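Here the structure is laid out as structure tokens; the discussion comes afterwards.
The values are calculated or read from the model by the stated rules, or taken from the named source; none is laboratory data. Quantities reported herein were computed from a predicted structural model and do not represent experimental measurements. Note that we place each Cβ from the backbone using ideal geometry, even for glycine, and neighbour counts take in every protein chain shown. To get the accessible areas, we keep the full protein, side chains included, count just its heavy atoms, and leave off ligands, DNA and RNA. Shrake-Rupley method; radii C 1.70, N 1.55, O 1.52, S 1.80 Å.
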Amino acid sequence: DTGVSQNPRHKITKRGQNVTFRCDPISEHNRLYWYRQTLGQGPEFLTYFQNEAQLEKSRLLSDRFSAERPKGSFSTLEIQRTEQGDSAMYLCAGTLSGVETQYFGPGTRLLVL
Amino acid sequence: AQSVTQLGSHVSVSEGALVLLRCNYSSSVPPYLFWYVQYPNQGLQLLLKYTTGATLVKGINGFEAEFKKSETSFHLTKPSAHMSDAAEYFCAVSQGSNYQLIWGAGTKLIIKP
């Protein structure tokens, strides 16, 4: 157990609906990363935070996606107007600055019908 | 851009046999290298990592990997496979100040009784 939690673990939604996922790293993790993993593929980087500042966003993160980490603790990832292509596992990882190892939560599996 | 190649999307070995999962990366500068394991419907668990120093790295569950700079490889091995090793294994590299991970596509390890 890495101590990183994600909620919900599973989400089924209809195309066009908005969804929000939450990640809670351990308190020492000042860096937080979001990845997306589609079936049969490795994870793909989406974005990362240093404390509450969002420092980098992938081109994969279209304008329908937004992520926040308001107090430098938990983070949320929102997808607006979901599309079937958004169906994937969304993974969150935490780490300390200057430490190369990322610790992953269990993921949120999204299915868009 | 960096890339990671894992040879073989599926590898099947008999219980008790040697496990060899291959990983090659493209980078002119030695990156940090990782192997993660993912069990069905779970997040990613760190198996082992190479940062600096000794090129043979030991990890959990009897796995080890050797960093070979000349071959740009970081292959994962285990002398004797166990049924509980059945899972998907991902090789990843990170470089730069944000430690963003670049992932291979994964190798599903199948253990035959």
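Worth a mention:
- Taking the Cα centre of chain A as reference, the dipole from Cβ charges on Lys and Arg (+1) and Asp and Glu (-1) amounts to some 440 debye.
- Accessible surface of the stretch B:1-63, 1.4 Å probe: 54 percent of it comes from carbon and sulfur atoms.
- What a 1.4 Å probe finds exposed on chain A is 46% carbon and sulfur by accessible area, rounded to a whole percent.
- Per-residue shielding of B:36-43, expressed as the average number of other chain Cβ atoms within 10 Å of the residue Cβ, stands at 4.
- Annotation: per residue accessible area for chain A equals 49 Å², rounded to a whole number [probe 1.4 Å, protein chains only].
- Note on A:E100/A:K57: beta-carbon distance plugged into 1/(1 + (r/R0)^6) with R0 of 30 Å gives a FRET efficiency of 0.90.
- Taking amide H as placed 1.01 Å from N in the peptide plane, the amide H of B:A87 sits under 5 Å from that of B:L109, each at least 5 places away or on another chain.
- Using the Cβ of A:L55 as centre and a radius below 12 Å, the other residues enclosed give a net charge of +1, where K and R count +1 and D and E count -1.
- For B:A17, the residues whose modelled amide H falls within less than 5 Å of its own, excluding neighbours fewer than 5 places apart on the same chain, are B:A81.
- Relative contact order of chain A, pairs being alpha-carbon contacts under 8 Å that are 6 or more residues apart, as %: 38
- The slack in the chain from B:T77 to B:K58, taken as 0.36 nm per residue of separation less the alpha-carbon distance, amounts to 5.9 nm.
- Shape call, the protein assembly as shown: gyration tensor on alpha carbons, a/c limit 1.5: prolate
- Per residue solvent-accessible surface (Å²) - chain B, probe of 1.4 Å: 47
- FRET E, pair A:I12, B:S9, Förster distance 22 Å, beta-carbon r, rounded to 0.05: 0.20
- Other residues with beta-carbon under 10 Å from the beta-carbon of A:P106 carry, at +1 per Lys or Arg and -1 per Asp or Glu, a net charge of +1.
- Across the stretch B:99-113, coupling constants 3J(HN,Hα) worked out from phi with the 6.51/-1.76/1.60 Karplus curve, θ = phi - 60°, read 6, 4, 8, 10, 10, x, 7, x, 10, 8, 9, 10, 10, 8, x Hz, and Gly and Pro carry x.
- Size of the A/B contact, given as accessible area buried on both chains, probe 1.4 Å, in Å²: 1800
- For B:Y99, no residue 5 or more places off, or on another chain, has a built amide H under 5 Å of its own.
- Highest-first arrangement of B:50-56, B:83-89, B:67-73, where packing means the average Cβ count within 10 Å: B:83-89, B:67-73, B:50-56
- Whole-number percent relative contact order across chain B, with pairs defined as alpha carbons under 8 Å at least 6 apart: 37
- Ranking A:Q41, A:Q80, A:I26 by Cα position along the charge dipole of the protein assembly as shown, where only Lys, Arg, Asp and Glu carry charges on their C-beta atoms, puts A:Q80 farthest toward the positive end.
- Separation of alpha-carbon centers, the stretch B:1-58 and the stretch A:38-113, rounded to whole Å: 22
- Isotropic mean projected area of the C-alpha convex hull, chain A (nm²): 6.6
- Complex-versus-alone comparison for the stretch A:84-113, residues with a loss of 30 Å² or more in accessible area, probe 1.4 Å: A:E100, A:T101, A:Q102, A:F104
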